[in-house]
Amino acid sequence: MSDQPLKTASANQVDTVLQDYLDQLLVAATAVAEEPLTSAPPVTEKVQPQPAASEPAEKTAPPAVAVKDAPVVTYLQQNLHVSAPLQETVITDTPVAEVDVKESSVEELSPDIAALASLNWRSSQGIDCLIFKVAGLKLAIPLPLLGGVHNVTDKVTPLFGQAVWSLGVWQGENAKLTIIDSAQLIMPERHIRLSDEGYSFFIQLDRSPWALACQEICDTVTLVHDSIKWRGETSKRPWLAGTVISEMCALVDVPGLLKLLEENSRKRA
Amino acid sequence: MSAIAGNKAAEDPVLQWVTFRLENETYGINVMQVQEVLRYSEIAPVPGAPPYVLGIINLRGNVVTVIDTRLRFGLPTAETTDQTRIVIIEAENQVVGILVDAVAEVVYLRQSEIETTPNVGNEESAKFIQGVCHKNDELLILVDLEKLMTDEEWTELQGL
C-alpha cells in the first residue's frame, strides 16, 4: 500500500486553497479598482485575461514573454542560495505605445499607491520586482523598495509578549531587523505559522528595520502599470498594492505595509 | 586627555547586567538590582496569592516572595532542573525572587550598545523589554524589572 494518492490529494487541497485565496485577492482588487481606474485604457483586460479559478497558477503565464539576464538577478544568484534559477521576465505583450498615460488615474489612487506610483510605473522600462513565496502565495516587491534579501543564517530571537505576526529580532551583518511572519500578517485566516513551516530568506522593506520572512525566492519580473490590477482606496489590505494576473501574484505596497507596521508598534517608554 | 575620556564615559556609561536563561533565550537584568542568586529550594505556596506568585521562601529568616517569571513572560511552564535558580532582586523598594532556568554570567554593556526594538506587543508583558543587545554572538533581551509588575501588583505583593 502506498500513501502516494493521499499525498497527492493533500497537495491538490493546498493548491485549491491557495488558488481560492489568490482568486479572492484578485476579485477584491479588481472589484474595488474598477471605479477609480475607469480612466485607464481597457487594453489591460484584453491583454491580461483573468484565468479561470480552476487553472493552476503555473498555466497562467502570459502568451509571450522575453527572458533576459539582469544585474540584480546575477547579484542574487551570486549571493543567495535559491531553489530555482532566477530570471527576469519582461512582459512584452502590452505594446508600450498603446498605453495611454493619464495622470488623473494616478491621482485617484490612495497616498500609499501614489507613493508606489511615484516609482514611475508608466515608464516604458517598467519596474523590476522580486517575486517571492510565502506559504504558497506569490508576492512581488519593487526592487527600488527592496532593502535587501538576507539568507537566514542565525536564529531569530523571539521577544515575549509580541503580536503573533512578529517572529522576533534578527541580527544581520549590518542591521538588526524585526522579522515579520508574513503568513500571519497577510493571511491570518489561514492559521499558517512560518515558525512551524520554516523560512529561508528575509525580505527587508526599503531601509526600514522590518523584514518579511519568506520561504522561496522565485524570480524577478519587470512590471508595467497596466499589468497590475491596482487595489482601490477602500481595500482592507493596506499591504496590497494590487495583483498581477499574469504572474498570479500580489504586489506588496511597501509604504502601506510599513505604515501598518509602524501603527502597530508602540514606543517603549 | 583624561578629561575627554571622562566625558565620554559619562556620556556612554558601562553598565553591568546579570544574564539568565529562560526557554532557550538569554535575558539581562541590571546588576544593581540583583542582591543574590540562590539554588532552587522548596517554595511554599501561598493560598489566595495571585497566579504570578509561586510562593515564598525563607531567606535567612526573611520571607521573600518568588515570582513565576515564565508565567509573567507568557512562556510555557517547565520542570525545575539542577540549573534552576532564584534570583533575589530589589525593585520598587521591595525584595522579591524571580525563578529562572539558569543564571549565565555578568556582561558589561555600553549604554550605546543597547538598542530598542519596535514593540508590536499586544500583551502587557511586552513592556518589560527595555531593549536588546548583540553580545557574544547572541541577542540579549534586557528586562526592565520596575515594569515587571504594575503599581497595584507591587502593592499586592507587599501585602502578602
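Of the residues making up the range B:134-152, those that are facing chain A (nearest Cβ under 10 Å) and crowded, with 20+ Cβ neighbours inside 10 Å are B:L139, B:L140, B:I141, B:V143.
Once the range A:131-166 is narrowed to residues that are aliphatic (A, V, I, L, M) and facing chain B (nearest Cβ under 10 Å), the residue that is nearest to A:G198 (Cα to Cα) is A:V156. Here A:V169 clears all of (1) at the interface with chain B (Cβ under 10 Å from one of its Cβ atoms); (2) β-branched (V, I, T); (3) not in a strand (DSSP E or B) except the condition numbered (3).
For the range A:229-258, residues that are in contact with a strand residue (DSSP E or B) (Cβ under 7 Å, 6 or more places away or on another chain) and in a loop (DSSP other than H, G, I, E, B) total 7.
The lone criterion from (1) within 14 Å of another protein chain (Cβ to nearest Cβ); (2) touching a Lys or Arg at 6+ places or on another chain (Cβ under 7 Å); (3) modelled with pLDDT under 95 left unmet by B:F73 is number (2). Scanning the range B:133-160 for residues that are modelled with pLDDT under 90, under 24 Å from A:E173 (Cα atoms) and either acidic (D, E) or touching a Ser or Thr at 6+ places or on another chain (Cβ under 8 Å) (or both) gives B:D137, B:E138. If we keep just the residues of the range A:128-185 that are charged (D, E, K, R) and touching a helix residue (DSSP H, G or I) at 6+ places or on another chain (Cβ under 9 Å), which is farthest from B:F128 (Cα to Cα)? Across the range A:128-185, the extreme among qualifying residues is A:D128.
Evaluate the range B:54-67: report whether one residue or more is within 14 Å of chain A (Cβ to nearest Cβ) and not in a loop (DSSP other than H, G, I, E, B). Break it down stepwise before answering.
Quick first cut of the range B:54-67, residues within 14 Å of chain A (Cβ to nearest Cβ) only: none.
No, the range B:54-67 has no match at all.
Scanning the range A:229-261 for residues that are charged (D, E, K, R), within 23 Å of A:L194 (Cβ to Cβ) and surrounded by fewer than 24 Cβ atoms within 10 Å (Cβ to Cβ), we see that the one that is nearest to the other protein chains (Cβ to nearest Cβ) is A:K259. Evaluate the following for B:N119: is it over 17 Å from B:R70 (Cα atoms), surrounded by fewer than 19 Cβ atoms within 10 Å (Cβ to Cβ) and not charged (D, E, K, R)? It is false that B:N119 is over 17 Å from B:R70 (Cα atoms), surrounded by fewer than 19 Cβ atoms within 10 Å (Cβ to Cβ) and not charged (D, E, K, R). Listed by first and then second residue, the pairs with beta-carbon distance under 7 Å, at least 6 apart or on different chains, first residue in the range A:182-202 and within 19 Å of A:G256 (Cβ to Cβ), second part of a helix (DSSP H, G or I), are A:S182/A:L194; A:A183/A:R190; A:A183/A:L194; A:M187/A:Y21.
Filtered by the rule that a residue be over 11 Å from A:I203 (Cβ atoms) and surrounded by 18 or more Cβ atoms within 10 Å (Cβ to Cβ), the range A:134-157 gives A:A135, A:G136, A:L137, A:K138, A:P142, A:V156, A:T157.
Here is a yes/no grid of residues against (1) β-branched (V, I, T); (2) more than 30 Å from A:A175 (Cα to Cα):
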| residue | (1), (2) |
| --- | --- |
| B:N58 | no, yes |
| B:T77 | yes, yes |
| B:I88 | yes, yes |
| B:A91 | no, yes |
| B:Q111 | no, no |
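When the residues of the range B:115-133 are filtered to those that are in contact (Cβ under 8 Å) with a residue 40 or more places away in the chain and farther than 18 Å from B:Q33 by Cα, the one that is farthest from the other protein chains (Cβ to nearest Cβ) is B:C133.
Only a single item in (1) surrounded by fewer than 23 Cβ atoms within 10 Å (Cβ to Cβ); (2) assigned to a helix (DSSP H, G or I) is not met by A:D226, and it is number (1). Of all residues in the range A:180-203, exactly one satisfies the criterion of being farther than 20 Å from A:K138 by Cβ and within 14 Å of chain B (Cβ to nearest Cβ), namely A:S195. Here is the figure for the range B:68-86: residues that are closer than 15 Å to B:M149 by Cβ, part of a loop (DSSP other than H, G, I, E, B) and hydrophobic (A, V, I, L, M, F, W, C) total 1.
The values are calculated or read from the model by the stated rules, or taken from the named source; none is laboratory data. Bear in mind the structure is a predicted one, so any value in this text is a computation, not a measurement. Glycine also receives a Cβ, built like all others from the backbone with ideal geometry; neighbour counts cover every protein chain displayed.
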